[in-house]
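Trainee: For reference, the structure I am asking about is given below.
The values are calculated or read from the model by the stated rules, or taken from the named source; none is laboratory data. Bear in mind the structure is a predicted one, so any value in this text is a computation, not a measurement. Glycine gets a Cβ as well: all are built from the backbone with ideal geometry, and neighbour counts include every protein chain shown.
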Amino acid sequence: MNRIELLITADTAGRRLDRVLRDAAPGLSRAALQKAVLAGRCLVDDLPVSRPDAKTRPGQRVLLELPPTENALSPEEGHLELLWQDESLVVCNKPAGLTVHPCPSCPEHTLVQRLLGRFPQLGRLEGLRPGIVHRLDKDTSGLLLVALTEPARLALSAAFARREVHKEYLALVSGLPPEQGECREPLGRHPTAKIKMAVLPETRGGKPAHTTWKRLWNTPDQRVSLLAVRIHTGRTHQIRVHLAHLGHPLLGDKLYAPAPVRELAPRQMLHAWHLAFSHPDSGEEMHFACPPPDDLLQAALAACRRMRRVIVTGNPGSGKSALTRHLAALGLPCVNADALVAGLYAPGGEVAAWLERRSGRDLLAENGGVDKTALLAAMRANPALRREVEELVHALVRVAIKDFWQAQEAAGAALAVAEVPLYFECGWQAAFNPAPLTVGVHCPLPLRLQRIMTNRGWSEEKAAALEAWQWPEARKEAACDLLVDNSGSPEALENAARDLTGRLEDLRREEEAARRRALEALWQ
């Protein structure tokens with residue numbers, strides 16, 4: 001429509017000129033009509049009028065000549081994934097990395113130019129953002145609603161303003177937010193970094209913003225979570241700023257996440273996956289859903305790939321140390337709790353120093369180290385001393401094992417082993433994050449006692465005393481994730497160690513496949 005002619009009637013008299021023109025041309029925006037009037041393109045009774053707010057009188061004849069729509073956009077070819085199209089609108093799945101509309105930093109190769117290549121009628125809409133009624137950040141993927149006509153654009157823009165369009169996003173974030181929550185902090189332009197937004201009080205330019213979420217999934221170690229996020233307002237970077245403000249920045253977010261979180265994904269892990277609105281022509285309720293691209297799934301799976309922590313445990317004489325030595329010979333980093341305790345008992349060790357402060361040198365050898373025979377006898381005679389020693393030793397060994405695992409993971413190890421005879425007895429099932437996989441070494445009690453007395457020279461009484469301090473064999477083995485049989489020859493145990501590494505690799509693949517299925521089920 002390039003020309004509007006109308007006669008002012010008694011019903012329309014007294015109203016502003018721009019409002020009368022808007023009623024006569026509902027397919028045009030009021031701003032476009034005001035611009036034409038201000039440009040001198042309106043005649044009232046053959047006289048030019050350049051005031052949009054001029055009051056009309058009965059009998060006046062109004063003529064408005066609209067300039068041809070001009071924009072500097074050139075249509076471009078490019079892939080478009082369309083979920084819906086009709087004469088009035090399009091719903092598309094925008095890939096990450098594609099800017100929605102031209103801007104000074106990206107004047108071409110945008111989604112708008114691809115849409116213009118597919119839908120030439122967009123060229124009849126004015127401006128550099130024809131048909132765009134909302135936007136997604138360049139590195140955000142997902143559903144975008146585009147109007148193909150001016151009436152549809154006006155209706156959809158009004159629906160967004162009335163908050164009648166419902167949008168929900170998938171966000172992969174750092175940490176473990178509550179199962180559900182909200183943020184109502186106002187948002188405004190960052191006071192010093194102009195490309196960023198920030199939480200600002202309304203007295204300093206912040207505008208009301210409302211974000212709600214529910215947690216859909218998290219990694220076993222709770223370092224990363226997947227949220228379904230709904231925005232009830234449409235502020236720039238709203239989800240990214242609100243979640244970062246709460247201490248849960250998006251993985252890969254170059255603007256709002258600290259470096260360790262930025263490096264966990266190739267782009268900000270945000271995907272618009274649900275969209276619902278009323279059709280501007282029919283009023284029909286439209287609902288769309290779109291699964292995320294593979295990079296979000298891969299980032300979630302990668303966040304689960306922690307170094308496998310393995311505990312080797314068992315009752316006295318079961319062969320724990322022999323299995324651990326075989327695993328070390330296969331190239332796996334290993335640590336032995338008994339070796340750590342030996343260091344604590346050695347001259348200058350923390351337990352030796354503590355015993356000297358507590359009991360003098362009665363429980364120390366001549367070299368200043370712990371006299372293990374004397375200490376064992378004292379602990380058997382004094383349960384309170386036994387509890388004190390165990391609490392101290394267990395605390396120090398637990399910290400040393402944690403440090404060992406952290407160092408091995410930092411060095412890139414895929415698997416690391418700690419031999420801990422009293423793992424269950426110490427109550428360490430929840431002491432480490434991520435939780436280790438426990439491997440029990442099985443050997444029947446008569447055979448274990450025989451090996452202890454033959455190989456270590458222990459008396460039957462000493463062996464029985466140490467056995468009594470531990471969980472019964474059946475209970476301990478039932479608590480383990482895997483069992484390795486050591487009732488045969490040394491060669492059989494060596495082969496069992498090789499088999500164990502294969503079982504651990506099979507388990508890793510099975511766990512990742514299960515996680516993939518669980519994640520994909522969330523959006524299918």
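Trainee: If you check Ala302, Ala374, Ala346, Ala384, which single one turns out to be free of Cβ contacts under 8 Å to residues at least 60 places away in the same chain and either outside the structural domain of Glu461 (by the TED database) or of a type in the set (S, T, N, Q) (or both)?
Mentor: None of the others qualify; the one that does is Ala302.
Trainee: Oh, and also: Determine whether Pro421 is in contact with a Gly (Cβ under 8 Å, 6 or more places away or on another chain) and in the same structural domain as Cys480 (by the TED database).
Mentor: yes
Trainee: Six or more apart or on different chains, Cβ under 6 Å: which pairs go from a residue in the stretch 20-36 that's without any contact (Cβ under 8 Å) to a residue 60 or more places away in the chain and not assigned by the TED database to the domain that holds Glu126 to one that's surrounded by fewer than 20 Cβ atoms within 10 Å (Cβ to Cβ) and among the β-branched types (Val, Ile, Thr)? Could you list them?
Mentor: Pairs found: Val20/Thr12; Ala24/Ile4; Ala25/Ile4.
Trainee: A further question on this structure: Report yes if Arg41 is of a type in the set (Lys, Arg), surrounded by 16 or more Cβ atoms within 10 Å (Cβ to Cβ) and under 27 Å from Leu7 (Cα atoms), otherwise no.
Mentor: In short, yes.
Trainee: Here's something else I'd like to know. Within the stretch 106-123, does at least one residue satisfy the condition of being within 37 Å of the chain's Cα centre (by Cα), without any contact (Cβ under 8 Å) to a residue 12 or more places away in the chain and part of a loop (DSSP other than H, G, I, E, B)?
Mentor: Looking through the stretch 106-123, at least one residue is within 37 Å of the chain's Cα centre (by Cα), without any contact (Cβ under 8 Å) to a residue 12 or more places away in the chain and part of a loop (DSSP other than H, G, I, E, B).
Trainee: Restricting attention to the stretch 402-421, does a residue exist that is of a type in the set (Phe, Trp, Tyr) and at pLDDT below 95?
Mentor: no
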